[in-house]
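Here is the structure we will look at, set down as structure tokens.
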Number of protein chains: 2
Amino acid sequence: MRIAVVTVGDELLAGDTVNTNASWLAERLTARGVRVERVTTVPDRVAEIARVVNEYRAEYDAVIVTGGLGPTHDDLTMAGVAAAVGRELVEHEAALEWLTEHGGYAAAELSEGTTDLPARARMLPNEVGVAPGAVVEDIYVLPGVPEEMKAMFERIESEFNGETTYTETVRTVEPESELVGRLHDVQEMFDVTVGSYPGDDVRLKLTANDESELRDAAGWLEERVEIADEAK
Amino acid sequence: MRIAVVTVGDELLAGDTVNTNASWLAERLTARGVRVERVTTVPDRVAEIARVVNEYRAEYDAVIVTGGLGPTHDDLTMAGVAAAVGRELVEHEAALEWLTEHGGYAAAELSEGTTDLPARARMLPNEVGVAPGAVVEDIYVLPGVPEEMKAMFERIESEFNGETTYTETVRTVEPESELVGRLHDVQEMFDVTVGSYPGDDVRLKLTANDESELRDAAGWLEERVEIADEAK
């Protein structure tokens, strides 16, 4: 399964907020064997949201959209997603019911638009906040507030499944430039892919579909590179 | 000036790394009055890098690409950018010269490919690490290691300029849903845009091109919402 994550919000594009939602979702999806192919931040504008969501759903198996839910004028994600699939935004019975029954809100208390979702969407209740999420065809719409997003994702994560992959990390004190040959060799000899990430040490991340293949490749590499001090 | 930021790297798409490069660049660019219209993370694959860079340069005034520079097999950004503009990757004289003269490297010490840049690129020296950056037409290519990226960006940031904007933040303890009417009114009465960001308090971020207009709008709002305790 290959998916795209779209994070909506001018505050992300202004650098006011670090996009920890994206890394959290990416980690959780990757752990389920799902390949995240794009993470894209778009402004709070209906047409931009619609355009990017449409482009990605044409290409990937699903699109997860976060942010821009709520009652204020800059919460435009539901309108963008509705436009992407050519549906109206309509007051959603189940959303209203959930908020009044479980959320403890009186219907009159809720701001106009709070329970508006794209027509025929599946409503995702928000257990932490107010604004409901939605599933429309292959588009999953989650809130931007991290605790709300995480709780809602956990309700639906079983719908995201891919091939199980195994990873192992080898840290070395050698500079990347000296590792080129051995990184080439390990990928020739074993069915693994290796990412190389320089930092204080160089972190070599091995990924494989087969666990014993992974262990063999990591062992091969560990015997041939100068390992970084674990204690560091 | 409207730009896109493309961050390259499987480690970002796996959630191993939080994309602080993107938020740092977005903040610096926004402070210069530049509008960041997209921040997109793409995998370490030449064709994907080329495709996204090309799409964005057709639409925006410039594209900043970070990550995926270096000598290892998963450093594919220069090849992707070269493909985007239909140029060859060639050993870059100025890059080699800079690394041997300023960097203190012997030419033979450098891994193959270290000084390869798209043909006729302007080389950006890396004052903190090894891999040089590049400017190719309207595409700026920077390293992914944050300290290297920041130092290199500071060499070129004067090339990014937009309309000066002013911002002010008002924090209120009122819930977003109750603010809808006043947020509508302030944007009707003053030439400002308002972003509304719920958290412990609701943060209202006002943006305007005119400083006194901004101050008037913030003052109007401050008199009409219940302000959050500053000490919090």
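The values are calculated or read from the model by the stated rules, or taken from the named source; none is laboratory data. Please read these numbers as outputs of a predicted model, since none were measured by experiment. For neighbour counting, all protein chains shown are included, and Cβ atoms are generated from backbone atoms with ideal geometry for every residue, glycine included.
Worth pointing out:
- When residues of region B:147-185 are limited to those that are touching a Pro at 6+ places or on another chain (Cβ under 8 Å) and among the aliphatic types (A, V, I, L, M), the one farthest from the other protein chains (Cβ to nearest Cβ): B:152
- Restricting attention to region A:186-224, the residues that are within 14 Å of another protein chain (Cβ to nearest Cβ) and among the charged types (D, E, K, R) total 5.
- Residue, surrounded by the most Cβ atoms within 10 Å (Cβ to Cβ), within region A:194-210, restricted to residues that are within 20 Å of residue A:33 (Cα to Cα) and charged (D, E, K, R): A:205
- Selection status of residue A:121, touching a His at 6+ places or on another chain (Cβ under 8 Å), buried (at least 21 other Cβ atoms within 10 Å of the Cβ) and more than 20 Å from residue A:44 (Cα to Cα): yes
- Selected residue [touching a residue at least 12 places away in the same chain (Cβ under 8 Å) and either more than 17 Å from the chain's Cα centre (by Cα) or buried (at least 21 other Cβ atoms within 10 Å of the Cβ) (or both)] from B:173, B:135: B:173
- Filter result (in a strand (DSSP E or B) and over 24 Å from residue B:8 (Cβ atoms)) within region A:184-231: A:227
- Positions within region A:159-174 being more than 15 Å from residue A:61 (Cβ to Cβ) and polar (S, T, N, Q), in sequence order: A:164, A:165, A:167, A:169, A:172
- For region A:1-50, the tally of residues that are among the small types (Gly, Ala, Ser) and touching a strand residue (DSSP E or B) at 6+ places or on another chain (Cβ under 9 Å) stands at 7.
- Residue count for region B:26-41, restricted to those that are out of contact with any Lys or Arg (no Cβ under 9 Å at 6 or more places or on another chain) and within 7 Å of chain A (Cβ to nearest Cβ): 5.
- Pick from region B:116-146, criterion among the acidic types (Asp, Glu) and out of contact with any Leu (no Cβ under 7 Å at 6 or more places or on another chain), ranking: nearest to the other protein chains (Cβ to nearest Cβ): B:127
- Candidate set: region A:99-115, residues that are within 10 Å of another protein chain (Cβ to nearest Cβ) and assigned to a loop (DSSP other than H, G, I, E, B); chosen: the one nearest to the chain's Cα centre (by Cα): A:114
- Flag for residue B:17 being modelled with pLDDT under 95 and either crowded, with 17+ Cβ neighbours inside 10 Å or under 20 Å from residue A:52 (Cβ atoms) (or both): yes
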